[in-house]
Amino acid sequence: MKVARVIGNIWATRKDARLSGLTLLILQCVDITTGKADGAPIVAADLIGAGFGETVLIVGGSSARSAAGNMSIPVDATVVAIVDNFELGEGD
């Protein structure tokens, strides 16, 4: 799993039929220790109704397809949780 922030939406009127009914979001993965952007933005299917600016947990690969409920769905990332809060302990 990775932590990301919702930075936008994608609307597609013509798409693979298996994507029908799915909301597509633009996400920026973040480094949880610094809160700074980590890599290029990605597109993910949203299963839970995340909104702009929210911090979310995402899964990728076969876990993303499994979470979406269909192993043949063409997604690489899926939002599976909205993060309310988190706490980091001190490292050694």
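The values are calculated or read from the model by the stated rules, or taken from the named source; none is laboratory data. What you see is a predicted model, and the numbers here were worked out from it, not measured in a lab. Note that each Cβ is placed from the backbone with ideal geometry, even for glycine, and that neighbours are counted across all protein chains shown. Side chains are part of the model used for accessible areas, which takes the heavy atoms of the whole protein and leaves out ligands, DNA and RNA. Shrake-Rupley method; radii C 1.70, N 1.55, O 1.52, S 1.80 Å.
Within region 9-27, restricting attention to residues that are of a type in the set (A, V, I, L, M) and not in a strand (DSSP E or B), which residue is surrounded by the fewest Cβ atoms within 10 Å (Cβ to Cβ)?
Result: ALA17.
Exactly one of (1) part of a strand (DSSP E or B); (2) exposed (fewer than 15 other Cβ atoms within 10 Å of the Cβ) is unmet by LEU57. Its number?
Every condition holds for LEU57 apart from (2).
Is there a residue in region 62-72 that is in contact with a strand residue (DSSP E or B) (Cβ under 6 Å, 6 or more places away or on another chain), in a strand (DSSP E or B), surrounded by 12 or more Cβ atoms within 10 Å (Cβ to Cβ) and at pLDDT below 95?
No.
Mind listing whichever residues of region 62-86 are more than 20 Å from ILE32 (Cβ to Cβ) and free of Cβ contacts under 8 Å to residues at least 40 places away in the same chain?
Answer for region 62-86, where residues must be more than 20 Å from ILE32 (Cβ to Cβ) and free of Cβ contacts under 8 Å to residues at least 40 places away in the same chain: SER62, ARG65, SER66, ALA67, GLY69, MET71, ASP76.
I'd like the full set of residues that are over 10 Å from the mean Cα position of the chain (by Cα), open to solvent by less than 60 Å² (accessible area, probe 1.4 Å) and of a type outside the set (Gly, Ala, Ser), limited to region 28-49.
VAL30, ASP31, listed by residue number.
Could you check region 1-57 and list, in sequence order, the residues that are touching a Leu at 6+ places or on another chain (Cβ under 8 Å) and of a type in the set (D, E, K, R)?
LYS2, ARG5, ASP46, listed by residue number.
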